[in-house]
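Participant: Mind having a look at this structure? Questions to follow.
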Amino acid sequence: MTDSIVERLRAAGCVFAEDEAAVILATATTPDEVERMVAQRVGGAPLEIVVGWAELGGIRFVVAPGVFVPRRRTDFLVQLGRALQPRVLLDLCCGSGAVGAAIGAAELHASDIDPVAVECARSNVEGSVYLGDLFDPLPAALRGRVHLITLIAPYVPTDEIALLPREARLYEPAATLDGGADGLAIVRRVAAEAARWLAPGGTLLTEVSEQQAPHAVALFEAGGLRTHVEEDEDRWATVVVATAAP
Ligand SMILES: C[S@@+](CC[C@H](N)C(=O)[O-])C[C@H]1O[C@@H](n2cnc3c(N)ncnc32)[C@H](O)[C@@H]1O
């Protein structure tokens with residue numbers, strides 16, 4: 001059975017067919033479910049959506065259809081966030097909620113504008129998940145108290161959406177990917193407001209592309225935060241680190 005699944009996945013263009021077959025066989029509980037999952041994967045659905053979970057920071061999280069699949073490169077931001085050991089964490093544009101949940105905090109808040117993402121995040125996050133535009137749905141009492149803000153906004157420039165892998169274009173809503181003309185539309189808005197929500201000495205971590213990093217740095221500096229860039233070449237990850245004055 002395993003061999004025929006691997007062959008079908010490989011014929012459909014899955015580069016890691018053996019690994020994917022193993023994940024499907026370990027997740028499905030009946031032969032019918034195996035068949036349904038293989039058929040969905042062969043049809044082009046992302047493996048994480050097919051099996052209903054994705055891993056971030058070594059932890060499994062639920063991912064639902066229509067919700068952005070956390071990327072492996074985001075492990076780098078999670079690693080940076082864990083090192084800060086935040087007590088109060090705010091995960092903006094949380095999607096499945098995996099980023100904040102993987103870092104962990106005594107007080108965890110998350111928000112997203114998409115009701116489907118918020119419902120998914122509520123199954124992953126032990127904390128409060130709010131529905132709305134960026135900071136709008138958050139309780140005012142959180143202002144000035146946040147030790148760590150994480151932000152993985154949609155940051156693909158509109159013109160580059162067509163160049164993304166088919167899986168992303170077909171299975172992830174444009175609103176999870178499209179960051180406007182330069183990809184920084186959401187980052188720009190957050191940079192203008194973040195200082196009001198951070199505690200003294202608090203940090204914001206945001207993932208961007210290598211090309212966007214200098215522009216993002218300028219935005220956070222203009223927002224009153226001291227800013228530098230961390231890069232992980234192995235994971236192709238670039239994270240802007242912006243810190244409030246102590
Ligand atoms: C690239 S996904 C990242 C999701 C999650 N942070 C992760 O890394 O898996 C971007 C998320 O931003 C959300 N989003 C887009 N515009 C938003 C806005 N104005 N306010 C709040 N969330 C927004 C989308 O719904 C999507 O879930």
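Participant: Are there any pairs, at least 6 apart or on different chains, whose C-beta atoms fall under 7 Å, with the first in the stretch 124-151 and under 23 Å from Ala237 (Cβ atoms) and of a type outside the set (Val, Ile, Thr) and the second away from the ligand (no atom under 12 Å from the Cβ) and part of a loop (DSSP other than H, G, I, E, B), and if so, which?
Facilitator: His147/Pro86; His147/Arg87; Leu148/Pro86
Participant: Sort out which residues of the stretch 34-57 are over 23 Å from Pro165 (Cα atoms) and either surrounded by 17 or more Cβ atoms within 10 Å (Cβ to Cβ) or touching a helix residue (DSSP H, G or I) at 6+ places or on another chain (Cβ under 8 Å) (or both), and write them in order of number.
Facilitator: Across the stretch 34-57, the qualifying residues are Val34, Gly57.
Participant: Output yes when any residue across the stretch 43-57 is free of Cβ contacts under 8 Å to residues at least 24 places away in the same chain and either under 16 Å from the mean Cα position of the chain (by Cα) or farther than 26 Å from Arg8 by Cβ (or both), and no when none is.
Facilitator: yes
Participant: Report yes if Gly224 is of a type outside the set (S, T, N, Q), surrounded by fewer than 18 Cβ atoms within 10 Å (Cβ to Cβ) and not in a helix (DSSP H, G or I), otherwise no.
Facilitator: yes
Participant: Return the total of residues in the stretch 164-193 being at pLDDT below 95 and surrounded by fewer than 16 Cβ atoms within 10 Å (Cβ to Cβ).
Facilitator: Of the residues in that region, 9 qualify.
Participant: Follow-up question, since we're still on this one. Limited to the stretch 140-163, what total is found for residues that are in a helix (DSSP H, G or I) and in contact with a Leu (Cβ under 9 Å, 6 or more places away or on another chain)?
Facilitator: The total comes to 2.
Participant: Can you work out which of the residues in the stretch 171-191 that are part of a loop (DSSP other than H, G, I, E, B) and more than 9 Å from the ligand (Cβ to nearest atom) is nearest to Gly223 (Cα to Cα)?
Facilitator: This residue is Leu184.
Participant: Something else now. So Pro246 ticks every box in (1) surrounded by fewer than 21 Cβ atoms within 10 Å (Cβ to Cβ); (2) part of a loop (DSSP other than H, G, I, E, B); (3) within 16 Å of the ligand (Cβ to nearest atom) but one. Which box is left unticked?
Facilitator: Against the list (1) surrounded by fewer than 21 Cβ atoms within 10 Å (Cβ to Cβ); (2) part of a loop (DSSP other than H, G, I, E, B); (3) within 16 Å of the ligand (Cβ to nearest atom), Pro246 comes up short only on (3).
Participant: Report yes if some residue within the stretch 91-103 is farther than 18 Å from Gly179 by Cβ and surrounded by fewer than 23 Cβ atoms within 10 Å (Cβ to Cβ); otherwise report no.
Facilitator: No, that holds for no residue.
Participant: Checking the structure you have, find out if any residue of the stretch 16-29 is away from the ligand (no atom under 16 Å from the Cβ) and aromatic (Phe, Trp, Tyr).
Facilitator: Looking through the stretch 16-29, at least one residue is away from the ligand (no atom under 16 Å from the Cβ) and aromatic (Phe, Trp, Tyr).
The values are calculated or read from the model by the stated rules, or taken from the named source; none is laboratory data. Keep in mind it's a predicted model, so treat the numbers as computed, not measured. Every residue, glycine among them, receives a Cβ derived from its backbone with ideal geometry; neighbour counts consider all protein chains shown.
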